Amino acid sequence: MSRWRFETRAIHDGQPPDPTTGAVMTPIYQTSTYAQSEPNVHKGYDYSRTANPTRTALESCLASLEEGTYGLAFASGMAAITTIAYLLNPGDRVLAPDDVYGGTYRLLVQILQRYGIASSFVDMTDLARVEAAMAARPRLVLLESPTNPYLKILDIARIAELAHVHDALVVVDNTFASPYFQQPLVLGADVVVHSTTKYLGGHSDVVGGAVITNSKEIYETLKFHQNAAGAIPGPFDCWVVLRGVKTLSVRMDRHAANALAVAQFLRDHPAISRVWYPGLPDHPGHDVARRQMKGFGGMVSCLLKGGGRAARTVAAATRVFILAESLGGVESLLDHPASMTHSSLEGSPLQVDEGLLRLSVGIEHAQDLIDDLKQALDRAR
């Protein structure tokens, strides 16, 4: 494993100058197949669904950043999570947080249950509830920390200890934190998953996913399914994510600084009843976040006193914040989870409050972001 520090690894690991031309930037190997000198004798690549040099560079770099040994890249974050589900068999059970991304909930409840894989959801900030849920012997414990959209902080190390006592695998969706701020494998997780669409790509111009692990057995199983199912990213998409990763550290520092400023402004605004940001000292998970994270991230959620009507008014009135799904780009985005990213939870016990807004705080000037929210909130009063 590289002895360089994170910022240096993000720029260099898995990305040596091209040995043929000396190109400093990793080439885009835009090819579907590779010449063989004789049947099944080749230079490590035979077909780009199986492997591609640009994808290899991305997978190697992401593994390094997560302090992992093996990396796999996918066509989307959901493709990555779906491939992890191939580790399960009919009759297995998944334990997940009661605050989880709507797309993950949809996969667990509307798809995997059809194949005999049950899921249960608990408040994982309560370790007693997690331990009690282990009585059902889940095969896989799927975490988000911070969670989406309420930004709960889960104690990854303690949950991993509880899960491993019962021989359960621990998978952490690390999308919100990024490997710059949090490395779940170091905390005891077995697998890390990312939507590389978000902070890793960082510019809202690519869709992708990734899985990282230190287990050779898990890697080989997932690698087989990556090839067999074929949900792989193209070489250009891999190159775009790889380019984004080079500036991850500087972007995340700015995201976090701006998010704290926005959270502090919202906390004091009369139209807001509650703010969730782990960097605020009164956040219930602040102490755990300080222990397991290097920084608190760029996501802020808030609840409007005027409920759904006020939230929709604000969502339509911002000028710098763009009303859109997704997160993690350099631009600030605003999401109304109940009708957008988490609409699949409607009618379920995990349904999101209509008055909730989720903010992906970008790297613009912080005062411009605050001024934009102020004028939008004034319309909702």
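The values are calculated or read from the model by the stated rules, or taken from the named source; none is laboratory data. A quick note: this is a predicted structure, and the numbers were derived from the prediction, not measured. Neighbour counts are summed over all protein chains in view; Cβ atoms, including those assigned to glycine, are modelled from backbone coordinates with ideal geometry.
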Residue ID - modelled with the lowest pLDDT, chosen from residues in the stretch 1-39 that are aliphatic (A, V, I, L, M) and within 21 Å of LEU248 (Cβ to Cβ):
MET1
Condition first: outside any helix (DSSP H, G or I), over 9 Å from PRO90 (Cα atoms) and in contact with a strand residue (DSSP E or B) (Cβ under 9 Å, 6 or more places away or on another chain). Now tell me which residues in the stretch 115-129 satisfy that.
SER119, SER120, PHE121, VAL122, ASP123, MET124, THR125
Hey, does the stretch 316-327 have a residue that's crowded, with 22+ Cβ neighbours inside 10 Å and of a type in the set (S, T, N, Q)?
no
Taking the criterion of being out of contact with any Leu (no Cβ under 7 Å at 6 or more places or on another chain) and under 18 Å from SER145 (Cβ atoms), would at least one residue in the stretch 226-244 satisfy it?
no
Residues that are among the charged types (D, E, K, R) and at negative phi, at least 3 per element: which helices (runs of 4 or more DSSP H) completely within the stretch 282-381 meet that?
286-292, 366-380
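Residue by residue, here is whether (1) without any contact (Cβ under 8 Å) to a residue 12 or more places away in the chain; (2) of a type in the set (A, V, I, L, M, F, W, C); (3) in a helix (DSSP H, G or I) holds:
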{"site": "PRO138", "(1), (2), (3)": "no, no, no"}
{"site": "LEU143", "(1), (2), (3)": "no, yes, no"}
{"site": "TYR180", "(1), (2), (3)": "no, no, yes"}
{"site": "VAL186", "(1), (2), (3)": "no, yes, no"}
{"site": "ALA189", "(1), (2), (3)": "no, yes, no"}
{"site": "VAL192", "(1), (2), (3)": "no, yes, no"}
Which of (1) modelled with pLDDT of 95 or more; (2) of a type outside the set (Val, Ile, Thr); (3) over 22 Å from GLY279 (Cα atoms) does LEU327 not meet, given it meets every other one?
(3)
Name every residue in the stretch 64-89 that is in contact with a strand residue (DSSP E or B) (Cβ under 9 Å, 6 or more places away or on another chain), of a type outside the set (D, E, K, R) and over 19 Å from VAL206 (Cβ atoms), in order of residue number.
SER64, GLY68, THR69, TYR70, ILE84, ALA85, LEU87, LEU88
Which condition from (1) over 17 Å from GLY71 (Cα atoms); (2) aromatic (Phe, Trp, Tyr); (3) under 14 Å from the mean Cα position of the chain (by Cα) is the one that TYR150 breaks?
(3)
Positions within the stretch 304-358 being farther than 19 Å from ARG381 by Cα, among the aliphatic types (A, V, I, L, M) and either assigned by TED's automatic domain parsing to the domain that holds THR104 or in contact with a Leu (Cβ under 7 Å, 6 or more places away or on another chain) (or both), in sequence order
VAL320, ILE322, LEU323, ALA324, LEU327, LEU333, ALA338, VAL352
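Results for (1) within 20 Å of SER64 (Cα to Cα); (2) exposed (fewer than 10 other Cβ atoms within 10 Å of the Cβ), shown as yes or no for each residue.
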site	(1), (2)
TRP4	yes, no
THR8	yes, no
ILE11	yes, no
PRO16	yes, no
GLY22	no, yes
GLN36	no, no
VAL41	no, yes
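Here's a check for you: in the stretch 145-159, which residue that is part of a helix (DSSP H, G or I) and among the aliphatic types (A, V, I, L, M) is surrounded by the fewest Cβ atoms within 10 Å (Cβ to Cβ)?
Of everything passing the filter in the stretch 145-159, ALA157 is surrounded by the fewest Cβ atoms within 10 Å (Cβ to Cβ).
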Of these, ALA85, ALA23, ALA10, which one is assigned by TED's automatic domain parsing to the domain that holds ASP205, free of Cβ contacts under 8 Å to residues at least 24 places away in the same chain and aliphatic (A, V, I, L, M)?
ALA23
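Yes/no per residue for (1) more than 30 Å from GLN375 (Cα to Cα); (2) surrounded by 16 or more Cβ atoms within 10 Å (Cβ to Cβ); (3) assigned by TED's automatic domain parsing to the domain that holds TYR45; (4) not hydrophobic (A, V, I, L, M, F, W, C):
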residue: ILE212; (1), (2), (3), (4): yes, yes, yes, no
residue: ILE232; (1), (2), (3), (4): yes, yes, yes, no
residue: CYS238; (1), (2), (3), (4): yes, yes, yes, no
residue: HIS269; (1), (2), (3), (4): no, yes, no, yes
residue: ILE272; (1), (2), (3), (4): no, yes, no, no
residue: ASP282; (1), (2), (3), (4): no, no, no, yes
